[in-house]
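Participant: A single structure is presented below for examination.
The values are calculated or read from the model by the stated rules, or taken from the named source; none is laboratory data. Worth saying up front: this structure is predicted, and the values here are computed from it rather than measured. Cβ placement follows ideal geometry from the backbone for every residue including glycine, while neighbour counts extend to all protein chains displayed. The accessibility values were calculated without ligands, DNA or RNA, using every heavy atom of the protein model including side chains. Shrake-Rupley method; radii C 1.70, N 1.55, O 1.52, S 1.80 Å.
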Amino acid sequence: MHMILTIFLSIFLFGGNSVTSVLDRVDSIIESNPDSAYVMLSELDRSSMSKKEAARFAVLYSMALDKKYIDVASDSVIRDAVHYYLHHGDADYRMRAFYYQGLVSQNAGDIDSAMESYVRAEHYGRKSGNQRMRGRVYMGLQNLHWSLFDIQNASVEAKKAAECFLAAGDPSR
């Protein structure tokens, strides 16, 4: 009886395909509850993930780290996701992967690589309906322009970011 209850709870909590179900759940809560998303991701067994699941995990884990204000300056987490999303996946995840690659490069002080990644993220963002993430991409570009004392382009990117955040229903940004 105890074994049946354990199996039932596992299926209830994680669904049929546990990795995909957990990633879906994380994706749905990461904006509002990054701490829980981080814990859920940390507890996942990554050894049996497909390339698609591993790439999605890397993007979501990078996002969780960022939302927990953990600055990462090594591309060890996001690298495989970027390689996967070069040829696979939808525009939203491609945009996210390149955004987080840009953020890692920016944290490492590599402005040229950060700019290249953010521009690629912006390209995929034009095909994505994720306005909040698009706003983050423009904020990344704005920050790079500010760091280069390019005030005019920083202002342009800030305006684009504000428009995206407003479209996402986030006027506080």
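Participant: Is region 58-70 home to any residue that is open to solvent by 40 Å² or more (accessible area, probe 1.4 Å), over 12 Å from the mean Cα position of the chain (by Cα) and modelled with pLDDT of 95 or more?
Facilitator: The answer is no; no qualifying residue exists.
Participant: Moving to a separate point now. Would you point out the residue of region 139-166, among those that are of a type in the set (A, V, I, L, M, F, W, C) and open to solvent by 70 Å² or more (accessible area, probe 1.4 Å), that is nearest to Ile30 (Cα to Cα)? Quick ask: steps written out before the conclusion?
Facilitator: First, pick out the residues of region 139-166 that are of a type in the set (A, V, I, L, M, F, W, C): 139, 141, 144, 146, 148-149, 151, 154, 156, 158, 161-162, 164-166.
Still in the running and open to solvent by 70 Å² or more (accessible area, probe 1.4 Å): 146, 148-149, 151, 166.
Working: Trp146: 28, Leu148: 32, Phe149: 33, Ile151: 32, Leu166: 19 Å.
Result: Leu166.
Participant: Inside region 139-173, can you point out the residues that are assigned to a helix (DSSP H, G or I) and among the small types (Gly, Ala, Ser)?
Facilitator: Of the residues in region 139-173, the ones assigned to a helix (DSSP H, G or I) are 139-147, 151-167.
Result: Gly140, Ser147, Ala154, Ser155, Ala158, Ala161, Ala162, Ala167.
Participant: So Ser32 passes all but one of these: (1) within 20 Å of Arg132 (Cα to Cα); (2) at pLDDT 95 or above. Which condition number does it fail?
Facilitator: (2)
Participant: Can you tell me how many residues within region 120-138 are among the hydroxyl-bearing types (Ser, Thr, Tyr) and either open to solvent by 70 Å² or more (accessible area, probe 1.4 Å) or closer than 13 Å to Gly102 by Cβ (or both)?
Facilitator: Adding up the residues that qualify gives 2.
Participant: Same structure, new question: Report the residue count in region 21-54 for those that are touching a residue at least 12 places away in the same chain (Cβ under 8 Å) and surrounded by 14 or more Cβ atoms within 10 Å (Cβ to Cβ).
Facilitator: 17
Participant: Any chance region 129-138 includes a residue that's without any contact (Cβ under 8 Å) to a residue 12 or more places away in the chain, farther than 16 Å from Glu31 by Cα and in a helix (DSSP H, G or I)?
Facilitator: Step one: filter region 129-138 for residues without any contact (Cβ under 8 Å) to a residue 12 or more places away in the chain, giving none.
The answer is no, given that none of the residues of region 129-138 is without any contact (Cβ under 8 Å) to a residue 12 or more places away in the chain, farther than 16 Å from Glu31 by Cα and in a helix (DSSP H, G or I).
Participant: Filter region 91-112 down to the residues that are part of a helix (DSSP H, G or I) and open to solvent by 40 Å² or more (accessible area, probe 1.4 Å), then identify the one that is farthest from Asn153 (Cα to Cα).
Facilitator: As a first pass, look at region 91-112 and keep what is part of a helix (DSSP H, G or I): 91-107, 111-112.
Remaining after also requiring open to solvent by 40 Å² or more (accessible area, probe 1.4 Å): 94, 101, 106-107, 111-112.
Numbers: Arg94: 24, Gln101: 21, Gln106: 17, Asn107: 21, Ile111: 15, Asp112: 16 Å.
Per the criteria, the residue is Arg94.
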